[in-house]
Amino acid sequence: MTNRYKTVAIFVLILFFGTIPFVQSLFFSGSSKGAIKIEREVKADFIKSDKKFVLLFFGYFGCRDVCTPIMQEMAKLYESKEFEEVKDSVDFLFVNLTPEVEEFQPDLFAKYFNKNFKGVYLSKRELFAIDRNFELYFARSLNDETELNHTDNIYLIQNDKESKVLKSIYSTHPLKIKKLIDDIIQIKKVSGI
């Protein structure tokens, strides 16, 4: 009987932790037209950019099922005609969630999709601070230690020398490209950037 309960418990945990990112994405896309406005200053010392806006995506080096398709979509967006109007003021950062990789690998992964993208390596200590700061979920997969379950949202940061303000979080299922671009344009107008 004990083995049966262990098996059921493991199945429930896998089901629970495997579905959190999916349920969050459904919640975001259905209830908020693909974005949630935040307007909160965040501590993000890892953002090294001189551009006024930063788009963040948290994932991990080598992720094929989630990160690769999103990175491909972001590369397509970044080079699109629609994005031209804001491109000069926006950096895209891929933030790696697995500290056991080599420090150069996240940047290599990001640049594979677009030479202008930047990959960010974070140590274990730095990773502990970001989940609450960005309302981010990530945990080792229960059925494969080499993989992570993680939220797959895009984060829009207004980047100033003195502060970093999380403006919005965008669902990637589907990513509302027009809304993302319109939000950047609107913030630029309001801020006089």
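Structure above, values below:
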item	result
Scan of segment 150-175 for residues that are outside any strand (DSSP E or B) and either in contact with a helix residue (DSSP H, G or I) (Cβ under 8 Å, 6 or more places away or on another chain) or crowded, with 20+ Cβ neighbours inside 10 Å (or both), ordered by number	151, 152, 153, 171, 173, 174
Condition broken by residue 20, with the remaining ones in (1) surrounded by fewer than 13 Cβ atoms within 10 Å (Cβ to Cβ); (2) modelled with pLDDT under 90 satisfied	(1)
Selection within segment 116-131 - outside any strand (DSSP E or B) and either touching a residue at least 40 places away in the same chain (Cβ under 8 Å) or touching a helix residue (DSSP H, G or I) at 6+ places or on another chain (Cβ under 9 Å) (or both)	116, 117, 121, 122, 126, 129, 130
Inter-residue pairs, beta-carbon under 9 Å, first within 14 Å of residue 135 (Cβ to Cβ) and touching a residue at least 12 places away in the same chain (Cβ under 8 Å) and in segment 160-175, second surrounded by fewer than 20 Cβ atoms within 10 Å (Cβ to Cβ) and basic (Lys, Arg), 6+ apart	166/40; 167/37; 167/40; 168/37; 168/179; 169/37; 170/176; 170/179
Filter pass, residue 176 being basic (Lys, Arg), at pLDDT below 90 and under 18 Å from residue 44 (Cα atoms)	no
Residue 136 being in contact (Cβ under 8 Å) with a residue 12 or more places away in the chain, under 14 Å from the mean Cα position of the chain (by Cα) and not in a loop (DSSP other than H, G, I, E, B)	no
Residue match in segment 83-100 (condition: touching a strand residue (DSSP E or B) at 6+ places or on another chain (Cβ under 8 Å) and farther than 17 Å from residue 154 by Cα)	yes
Output for segment 24-46, where each listed residue is basic (Lys, Arg) and at pLDDT 85 or above	37, 40, 43
Pairs with Cβ under 9 Å, 6+ apart, first in segment 78-95 and more than 12 Å from residue 118 (Cβ to Cβ), second β-branched (Val, Ile, Thr) and surrounded by fewer than 16 Cβ atoms within 10 Å (Cβ to Cβ)	85/185; 86/185; 89/193
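The values are calculated or read from the model by the stated rules, or taken from the named source; none is laboratory data. Keep in mind that what you see is a predicted model, and the values were worked out from it rather than measured. Virtual Cβ from ideal backbone geometry, glycine too; neighbours counted across all protein chains shown.
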